[in-house]
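The values are calculated or read from the model by the stated rules, or taken from the named source; none is laboratory data. Since this is a predicted model, take the numbers as computed values, not measurements. Neighbour counts are summed over all protein chains in view; Cβ atoms, including those assigned to glycine, are modelled from backbone coordinates with ideal geometry. These area figures cover heavy atoms from the full protein model, side chains too; ligands, DNA and RNA do not enter into them. Shrake-Rupley method; radii C 1.70, N 1.55, O 1.52, S 1.80 Å.
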Amino acid sequence: MAIPPLATLVLLVVLSQASCFANSQSFIGVNYGQVADNLPQPSATAKLLQSTSIEKVRLYGTDPAIIGALANTGIGIVIGAANGDIPALANDPNFAKNWVNANVVPFYPSSKIILITVGNEVMTSGEHDLMTQLLPAMQNMQNALNAVSLGGKIKVSSVHSMAVLKSSEPPSSGSFDPSDEMKGILGFNNATGSPFAINPYPYFAYRSDPRPETLAFCLFQPNAGRLDTKTQIKYTNMFDAQVDAVRSALNSFGYKNVEIVVAETGWPYKGDSNEVGPSIENAKAYNGNLIAHLRSLVGTPLMPGISVDTYLFALYDEDLKPGPTSERAFGLFKSDLSMNYDVGLSKSSQTPAAPKMPAAPSPNATVVPSPNATVTPSPKPDKANWCIPKSGVSDAQLQANLDYACGQGIDCRPIQPGGACFEPNTLAAHAAYAMNVYYQNSNRSPTNCDFSQSATFSSNNPSYNGCVYPSGKS
């Protein structure tokens, strides 16, 4: 049957948007540490990054070879001024000007520098002099950018550990130590439109509380959830809880418009015999499920419908780092450019094979909400059947299903704010829509409507008002 011209145009637009979603996730970044003696050439790294959906890279310094290799790739670059540079930056405006003229001006805009981080975890370092000098250093860096007309194009911030929060549990209690230094930094972020950069690590949360239920909560696996009694929000993963604690802290200071950037987060794939948590299974589960969660655009309970820019730690292992083995085992890729494990970042294959889901998570099990589990199949669908959740499915399982389905590249915009299927704004409704779209887009195979035995088929059309659930009816 011939397709009318208007329908052809609509189809092209839809296909174009779907392609952009599959290959371009501007919220996914990676940390590129260099405490190693076996790293690939910068040009090889640039090609590797272009073969993935990673669109931002954070450097801890200003290596000109790397910045130059990323020229004309479109990859956003975060560069850093070291803690040791802070005194000179704070006390000498000319030092800041020279820093910008040496590390930014020669490369921009061919190399897409988007952010300069001044210092790393300074506010929890215990070094009082650095803490008091951080804000003046940031201000001089901003003035130096302004002097070369880049102040509105490149932001200035600093990176903080989660310990900068005086309180973080439950998330609604998130608050900062109200020191003058902290107030000044937050005011700077607010005035300049720069992000508040934070390093949330569910891995460390699990290390301090190594129970199976904590591991499931940290790895985005099905769990009972944790209720914030003040907001009555039930959190189903540690990442959302930590990010929302930062959101609450910013809001409590009146800075609701200051954006959050996750500057580091990751999970080691190996460790010493006395270390709790490191394993390939856990690293793959955390990073893979985090990426799926970001791609779903579900957001966090306090920031629904958006995915915060998140920089995974790390691109490569850093073999010269001191400390336990885990410190040298965060890399997604090996120095020969092969993957340590697949989390679906490659543009050519963004859906890694998902392992079977056991009945309950164990400390060393990879539990991914895969619809392709080998289980007793649901009833075979008729031509007009829809895939929906079974009654009584837990919120944790619904969230896992929603994250997985939307993370596979389907169009979940209808269940985002303003979308035709956003209302009713409930987890059950959003999960039902996403699960059905995933099933319909996956050749309508019964195994793609399983979701760990939490889904079933219905012959009753669940569409309502302007919200249309697609079907395979011919």
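Tabulated data
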{"read-out": "Qualifying residue in segment 272-289 (condition: of a type in the set (A, V, I, L, M, F, W, C), touching a helix residue (DSSP H, G or I) at 6+ places or on another chain (Cβ under 6 Å) and under 26 Å from Gly76 (Cβ atoms))", "value": "no"}
{"read-out": "Filtered residue count, segment 269-307, keeping only those that are over 24 Å from Ser208 (Cβ atoms) and open to solvent by less than 50 Å² (accessible area, probe 1.4 Å)", "value": "11"}
{"read-out": "Residue within segment 417-434 that is at pLDDT 90 or above, of a type outside the set (Lys, Arg), more than 27 Å from the chain's Cα centre (by Cα) and open to solvent by less than 30 Å² (accessible area, probe 1.4 Å) present", "value": "no"}
{"read-out": "Counted residues, segment 269-298 - those being aliphatic (A, V, I, L, M) and part of a loop (DSSP other than H, G, I, E, B)", "value": "3"}
{"read-out": "Test for Ser179: is it surrounded by fewer than 19 Cβ atoms within 10 Å (Cβ to Cβ) and closer than 23 Å to Ala283 by Cα", "value": "no"}
{"read-out": "Yes/no for Ser326 being touching a residue at least 12 places away in the same chain (Cβ under 8 Å), over 20 Å from Gly29 (Cβ atoms) and among the small types (Gly, Ala, Ser)", "value": "yes"}
{"read-out": "Check on Ser26, at pLDDT below 95, open to solvent by 20 Å² or more (accessible area, probe 1.4 Å) and more than 28 Å from Glu127 (Cβ to Cβ)", "value": "yes"}
{"read-out": "Subset of segment 229-268 that is surrounded by fewer than 18 Cβ atoms within 10 Å (Cβ to Cβ) and in a helix (DSSP H, G or I) - its residue that is nearest to the chain's Cα centre (by Cα)", "value": "Asn251"}
{"read-out": "Sole residue being on the phi > 0 side of the Ramachandran plot and not in a helix (DSSP H, G or I), chosen from Ser452, Ser442", "value": "Ser452"}
{"read-out": "Residue under evaluation Glu318, criteria (1) open to solvent by 40 Å² or more (accessible area, probe 1.4 Å); (2) over 21 Å from the mean Cα position of the chain (by Cα), criterion not met", "value": "(1)"}
{"read-out": "Ser157 vs. criteria polar (S, T, N, Q), open to solvent by less than 30 Å² (accessible area, probe 1.4 Å), within 30 Å of Ser43 (Cα to Cα) and touching a residue at least 24 places away in the same chain (Cβ under 8 Å)", "value": "yes"}
{"read-out": "Cβ pairs under 8 Å, 6+ apart, first in segment 61-90 and more than 26 Å from Thr310 (Cβ to Cβ), second surrounded by fewer than 15 Cβ atoms within 10 Å (Cβ to Cβ) and at pLDDT 95 or above", "value": "Pro64/Pro106; Pro87/Asp129"}
{"read-out": "Residues (assigned to a helix (DSSP H, G or I) and out of contact with any Ser or Thr (no Cβ under 8 Å at 6 or more places or on another chain)) located in segment 399-423", "value": "Arg413, Pro414, Ile415"}
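Each row is one residue, and each column tells you yes or no for (1) within 21 Å of the chain's Cα centre (by Cα); (2) open to solvent by 60 Å² or more (accessible area, probe 1.4 Å).
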site: Asn103; (1), (2): no, no
site: Leu115; (1), (2): yes, no
site: Asn120; (1), (2): yes, no
site: Pro136; (1), (2): no, no
site: Gln139; (1), (2): no, yes
site: Leu145; (1), (2): no, no
site: Ile185; (1), (2): no, no
